[in-house]
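Enquirer: Submitted below is the structure of interest, expressed as structure tokens.
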Ligand SMILES: [Zn+2]
């Protein structure tokens with residue numbers, strides 16, 4: 001073992017700068033340490049705190065550490081997008097390790113309020129490094145695991161006997177690696193402490209994962225492999241305390257929960273705050289002993305449940321957020337003096353230990369709280385006027401399947417419907433619709449996923465204020481009150497492997513249903529294999545094996561005639577669409593359609609579409625989250641390659657290569673005049689399609705469509721004249737500032753499913769995510785161009801002031817207009833938000849495939 005370590009250390013031996021701290025800096029006075037446990041310097045070649053530690057090196061050290069200790073077990077719980085392993089450590093006494101699965105199962109069993117209380121070890125979870133750039137969090141895992149492995153004496157023995165500590169050392173290894181590479185690339189012999197030095201940069205860009213997702217919003221949404229890996233472990237254990245270690249801006253000092261009392265999700269019991277405060281006393285004692293600056297009552301809220309410190313709190317655990325003012329590259333100047341990475345690592349390490357200490361000091365009270373949480377949930381479920389929710393996804397079993405997967409990830413049980421039921425004016429069919437009972441242990445979590453909340457005590461939100469997930473998934477859903485009977489919900493449903501039955505062989509052609517979630521992936525694969533397709537522009541009844549069947553607009557007809565591709569190959573491709581994409585595919589038996597609908601040879605009822613070649617702009621003022629979500633949707637989900645290009649570097653491109661240009665929102669969405677002229681020419685003359693969202697949609701409406709934004713300043717001036725000048729007390733500034741911000745809420749839209757951008761939808765109702773206040777102007781001379789319009793009273797869930805609701809009500813949410821030979825598609829907000837708004841993603845995919853099907857109006861309007 002030791003020889004291997006020395007070999008690594010020789011390889012790693014780079015010149016050590018002056019920030020490094022030897023291990024005794026992290027050792028605790030009065031504690032003796034086992035000399036046989038490897039210390040970080042042996043493996044890293046430098047001490048902790050010199051610079052952020054590379055993921056591969058950390059994996060090497062922590063694996064060696066685990067192997068040398070009978071207190072630590074390590075496993076790989078998943079892989080990041082870039083295939084880096086995510087390591088999970090279980091730390092407890094050797095005796096507990098010998099019966100670790102019994103301990104876990106007894107812990108879970110005693111959460112049932114009808115059973116006797118358990119007296120097993122405290123279950124404590126420490127999250128390190130959900131944000132890739134915040135390296136003090138990751139590096140703190142090293143002294144923490146070292147201390148837990150090597151400390152000797154009665155105190156640590158007792159701690160380990162009484163607890164199981166669960167540690168994810170790096171939640172987000174891809175973002176972390178991006179950051180470390182940058183810090184190393186701009187590293188120097190002599191530390192450059194000037195905050196403007198490039199080494200201290202790449203702060204926000206390395207926060208996120210490979211596709212630029214903020215993983216600390218993904219506890220709830222579960223669209224990324226990293227978050228799926230850790231949440232599986234979280235529910236396997238259901239820890240009583242969950243701590244989450246971060247960095248914040250350098251100017252700030254040190255923050256820990258419980259946080260601002262008012263900014264608490266109403267689903268979190270008040271008692272959680274008292275117990276968290278009890279743990280906080282132990283951080284305070286340590287911090288005071290070193291005369292440190294800290295704060296624990298400001299800034300960070302506990303509202304959005306998708307964060308690592310709030311999610312545990314709607315699941316019966318105590319969630320604790322730690323934030324430390326970042327040292328960035330290792331050593332940086334701040335108003336409060338030099339901020340040093342090693343010291344930050346040590347603070348996170350020591351407060352990790354005080355978290356364990358404080359949790360054990362209140363061990364019984366915290367265990368009681370967790371049991372009481374589930375007992376209260378059960379009691380609330382009994383009192384709830386609703387008994388269950390039913391839901392379905394018309395014509396899209398895969399979207400329903402994804403929702404089942406999401407619910408299961410939150411440990412929520414889903415059941416099949418045993419018979420048809422009618423609720424809120426809609427029929428839910430047995431065999432299609434599913435249900436969740438409210439009387440299950442995850443009652444509180446079900447409420448937080450399904451509730452529509454529009455009334456709030458406070459209007460300051462750190463993140464989104466509304467996230468009702470059945471709306472985001474565009475499901476039909478309804479609560480069941482008196483219509484519920486226990487035998488209505490039958491067998492338990494779990495997510496199935498994606499896939500549908502391939503069609504029979506046809507001698508005429510095949511048809512793909514467009515309402516299926518992954519049909520764009522199938523269509524792209526066909527086009528990429530040079531198969532010619534014809535897309536239905538209206539609802540058509542087509543004779544297929546088994547009889548005539550109705551297909552919605554957007555359905556893809558693949559004739560066997562006129563192809564350069566062999567019939568057998570075409571069959572392989574459509575069978576693949578069924579098997580791998582779960583798309584419903586049918587064998588066509590005749591080109592003659594019954595009734596008054598176009599025959600399959602009709603050139604208006606069926607139009608050809610071409611393979612898209614998509615250019616996606618990023619950076620230079622565009623929001624990386626939004627660009628990453630487009631990249632993820634097209635590449636990861638739909639298997640469509642995209643060309644990523646920095647926004648201000650599009651001069652000299654061969655525009656004949658591209659069919660689509662995607663521009664997302666951000667602080668500066670403007671193209672240079674020269675670039676805008678070229679893009680405009682490409683749209684008008686070459687048939688290019690611009691898809692623009694948020695601020696870019698406003699920009700595109702003005703620059704490419706020539707719509708002047710209305711000048712609102714004049715109205716404001718008139719208001720001021722009528723009401724007199726506005727004067728307020730300074731103390732109200734933060735609240736009043738936030739009043740008209742939309743942190744993120746769901747709004748109702750009315751969608752035209754007969755429009756090509758609306759193909760594949762089953763009804764006109766659509767929920768749209770929105771966190772922008774600006775509204776699109778009405779298009780001129782084209783009354784067909786507004787695909788989605790916000791409802792007059794549009795707020796469905798989340799916070800928006802009355803003024804904002806009035807401003808947004810009735811305005812266009814999605815506009816699709818022809819421009820010369822091309823088209824411009826405008827989304828008022830982001831249709832790919834956090835990869836979660838399935839209803840909106842479909843419109844985005846329609847914009848990719850169907851924009852050139854839009855006919856411009858030629859009448860007088
Ligand atoms: Zn963070």
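Enquirer: Return the total of residues in the range 414-428 being out of contact with any helix residue (DSSP H, G or I) (no Cβ under 8 Å at 6 or more places or on another chain) and surrounded by 13 or more Cβ atoms within 10 Å (Cβ to Cβ).
Expert: Restricting attention to the range 414-428, the residues satisfying the condition of being out of contact with any helix residue (DSSP H, G or I) (no Cβ under 8 Å at 6 or more places or on another chain) are 415-416, 420, 422-428.
Still in the list and also surrounded by 13 or more Cβ atoms within 10 Å (Cβ to Cβ): 415-416, 420, 423, 426, 428.
Final tally of qualifying residues: 6.
Enquirer: Could you check the range 326-341 and list, in sequence order, the residues that are under 31 Å from the mean Cα position of the chain (by Cα) and away from the ligand (no atom under 16 Å from the Cβ)?
Expert: Once the filter is applied, which keeps residues that are under 31 Å from the mean Cα position of the chain (by Cα) and away from the ligand (no atom under 16 Å from the Cβ), the range 326-341 yields 329, 330.
Enquirer: Of all the residues that make up the range 632-672, how many are assigned to a loop (DSSP other than H, G, I, E, B), surrounded by 16 or more Cβ atoms within 10 Å (Cβ to Cβ) and touching a helix residue (DSSP H, G or I) at 6+ places or on another chain (Cβ under 7 Å)?
Expert: Going through the range 632-672 one residue at a time, the tally reaches 9.
Enquirer: Same structure, new question: Tell me which strands (runs of 3 or more DSSP E) are completely within the range 441-550 and hold 2 or more residues being over 22 Å from residue 567 (Cα atoms), or say none if there are none.
Expert: Once the strands (runs of 3 or more DSSP E) in the range 441-550 are filtered for at least 2 residues that are over 22 Å from residue 567 (Cα atoms), what remains is 476-480, 489-493, 540-544.
Enquirer: Do we find that residue 339 is in contact with a strand residue (DSSP E or B) (Cβ under 6 Å, 6 or more places away or on another chain), more than 30 Å from residue 27 (Cβ to Cβ) and crowded, with 18+ Cβ neighbours inside 10 Å in this structure?
Expert: On the way: in contact with a strand residue (DSSP E or B) (Cβ under 6 Å, 6 or more places away or on another chain): yes; more than 30 Å from residue 27 (Cβ to Cβ): no; crowded, with 18+ Cβ neighbours inside 10 Å: yes.
Considered against the rule, which asks whether it is in contact with a strand residue (DSSP E or B) (Cβ under 6 Å, 6 or more places away or on another chain), more than 30 Å from residue 27 (Cβ to Cβ) and crowded, with 18+ Cβ neighbours inside 10 Å, residue 339 comes out as no.
Enquirer: Hey, could you check the range 193-208 for residues that are away from the ligand (no atom under 16 Å from the Cβ) and either closer than 30 Å to residue 634 by Cβ or crowded, with 18+ Cβ neighbours inside 10 Å (or both) and say which is farthest from the chain's Cα centre (by Cα)?
Expert: That would be 193.
Enquirer: Here is a further query. Tell me whether the range 225-240 contains one or more residues that are farther than 30 Å from residue 472 by Cα and modelled with pLDDT of 95 or more.
Expert: If we filter the range 225-240 for residues that are farther than 30 Å from residue 472 by Cα, which is where we start, we get 240.
Retained after the next criterion (residues that are modelled with pLDDT of 95 or more): 240.
Yes, some residue in the range 225-240 is farther than 30 Å from residue 472 by Cα and modelled with pLDDT of 95 or more.
Enquirer: If you scan the range 194-208, which residues turn out to be outside any loop (DSSP other than H, G, I, E, B) and on the phi > 0 side of the Ramachandran plot? Full working, then the answer.
Expert: Our first condition is that a residue be outside any loop (DSSP other than H, G, I, E, B); within the range 194-208, this holds for 198-200.
The answer is none; no residue qualifies.
Enquirer: If a residue must be in contact (Cβ under 8 Å) with a residue 12 or more places away in the chain and either closer than 27 Å to residue 151 by Cβ or in contact with a strand residue (DSSP E or B) (Cβ under 8 Å, 6 or more places away or on another chain) (or both), how many such residues does the range 350-380 contain?
Expert: Of the residues in that region, 18 qualify.
Enquirer: Now a separate question. If I go through the range 161-173 residue by residue, how many of them are part of a helix (DSSP H, G or I) and either at pLDDT below 95 or surrounded by fewer than 24 Cβ atoms within 10 Å (Cβ to Cβ) (or both)?
Expert: Qualifying residue count for the region: 2.
Enquirer: Could I ask something else about it? So residue 390 passes all but one of these: (1) crowded, with 22+ Cβ neighbours inside 10 Å; (2) assigned to a helix (DSSP H, G or I). Which condition number does it fail?
Expert: Among (1) crowded, with 22+ Cβ neighbours inside 10 Å; (2) assigned to a helix (DSSP H, G or I), the lone unmet condition for residue 390 is (2).
Enquirer: Going through the range 520-549 one residue at a time, which ones are within 36 Å of the chain's Cα centre (by Cα) and free of Cβ contacts under 8 Å to residues at least 60 places away in the same chain?
Expert: 526, 529, 530, 531, 539
Enquirer: Does residue 792 satisfy being at pLDDT 95 or above, exposed (fewer than 15 other Cβ atoms within 10 Å of the Cβ) and more than 23 Å from residue 451 (Cβ to Cβ)? Spell out how you get there, then give the answer.
Expert: On the way: at pLDDT 95 or above: yes; exposed (fewer than 15 other Cβ atoms within 10 Å of the Cβ): yes; more than 23 Å from residue 451 (Cβ to Cβ): yes.
So residue 792 fits the description; yes.
Enquirer: If you take the residues of the range 89-107 that are in contact with a helix residue (DSSP H, G or I) (Cβ under 8 Å, 6 or more places away or on another chain) and over 12 Å from residue 160 (Cβ atoms), which of them is surrounded by the fewest Cβ atoms within 10 Å (Cβ to Cβ)?
Expert: So the residue we want is 104.
Enquirer: What is the one condition in (1) without any contact (Cβ under 8 Å) to a residue 60 or more places away in the chain; (2) within 17 Å of residue 327 (Cβ to Cβ) that residue 143 does not satisfy?
Expert: The single condition residue 143 does not satisfy is (1).
Enquirer: Still on this structure, I have one more. Picking from 489, 527, 469, which residue would you name as being in contact with a helix residue (DSSP H, G or I) (Cβ under 6 Å, 6 or more places away or on another chain) and either buried (at least 18 other Cβ atoms within 10 Å of the Cβ) or farther than 30 Å from residue 544 by Cα (or both)?
Expert: Among 489, 527, 469, only 469 is in contact with a helix residue (DSSP H, G or I) (Cβ under 6 Å, 6 or more places away or on another chain) and either buried (at least 18 other Cβ atoms within 10 Å of the Cβ) or farther than 30 Å from residue 544 by Cα (or both).
Enquirer: Here are some residues: 562, 582. Which one is modelled with pLDDT of 95 or more and touching a helix residue (DSSP H, G or I) at 6+ places or on another chain (Cβ under 8 Å)?
Expert: Numbers: 562 fails: touching a helix residue (DSSP H, G or I) at 6+ places or on another chain (Cβ under 8 Å).
None of the others qualify; the one that does is 582.
Enquirer: Looking at the range 808-832 only, could you name the residues that are under 28 Å from the mean Cα position of the chain (by Cα) and without any contact (Cβ under 8 Å) to a residue 24 or more places away in the chain?
Expert: Selection gives 809 alone.
Enquirer: OK, next. Take residues that are within 16 Å of the ligand (Cβ to nearest atom) and tell me which of the strands (runs of 3 or more DSSP E) falling wholly in the range 41-145 contain 2 or more.
Expert: Strands (runs of 3 or more DSSP E) meeting the threshold: 122-128.
Enquirer: With respect to residue 564, determine if the residue is assigned to a loop (DSSP other than H, G, I, E, B) and buried (at least 17 other Cβ atoms within 10 Å of the Cβ).
Expert: Answer is no for this residue.
Enquirer: Next question, about the same structure. Please verify whether residue 834 is crowded, with 19+ Cβ neighbours inside 10 Å, on the phi > 0 side of the Ramachandran plot and not in a loop (DSSP other than H, G, I, E, B), treating the condition exactly as stated.
Expert: Against the criterion (crowded, with 19+ Cβ neighbours inside 10 Å, on the phi > 0 side of the Ramachandran plot and not in a loop (DSSP other than H, G, I, E, B)), residue 834 qualifies.
The values are calculated or read from the model by the stated rules, or taken from the named source; none is laboratory data. Just so we're clear, the structure is a prediction, and the values are computed from it rather than from any experiment. For neighbour counting, all protein chains shown are included, and Cβ atoms are generated from backbone atoms with ideal geometry for every residue, glycine included.
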